[in-house]
Amino acid sequence: MNMPYLKSIFCATLLSSIAEVKGEIIELSPLTFGSVVIAENNTQEHVTLTYAGNVIRSNGIYIVTPPTVGQFLLTNYPSNQQVFISGRSIQARSNSDIYSVDQFTLTDVDVPSVLTTDNSGSATLFVGGTLETSGSGVNSYVNTQYRISYQISVNY
């Protein structure tokens, strides 16, 4: 049984609405799915990390290093303002540092739909998601880093 040791890192593209007050979005820590072992790839296997930090995995994936939510600081927004958040994957499949036939898919970006800024116009946004294997029937994942991009939109 081929059980490669994998590490994944994910990149984010951030958008904010244009208004009189120009908000900023600062990445404090990236969303990562840690290091995983793909024990089985006959069906699409997954690791889900909610924005609250809860981890759910299917039977064919084992977690070696725990995933961590992405953390972003929203700042320079109006005080006590509701901001509406959405997230989506903007890349069909991951890229790997070393060539790998199999790649991952980010099937969901998990964010709260609404946040409210504090008196200083700041809020902390946590981001999770669902990472899915190819389910190709062969296990061609190699031991390397995998990257995939996602987009966070903030509107108010």
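Values in this text are rule-based calculations from the coordinates and carry no lab data. Treat the numbers as computed from the prediction; the structure is a model and nothing was measured. Positions of Cβ are generated from backbone atoms using ideal geometry, with glycine treated the same way; all protein chains shown enter the neighbour counts.
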Cα-derived Rg over Rh, computed across region 98-156 with Rh taken as Kirkwood radius: 1.16
Sorted by chain and then number, the residues having a modelled amide H within less than 5 Å of the amide H of G135, at least 5 places away or on another chain, are E45
Between region 31-83 and region 95-156, what's the alpha-carbon centroid distance in Å? 7 Å
FRET efficiency for T116 and E24 from the Cβ-Cβ distance with R0 = 22 Å, rounded to 0.05, comes out at 0.80
Determine the equivalent ellipsoid of the chain by diagonalising the alpha-carbon gyration tensor, then write out the semi-axes as square roots of 5 times the eigenvalues, largest first, rounded to whole Å. 33, 14, 12
Could you give the dipole magnitude of the chain about its Cα centre, charging the beta-carbon of Lys and Arg +1 and that of Asp and Glu -1, in debye to the nearest 20? 100 debye
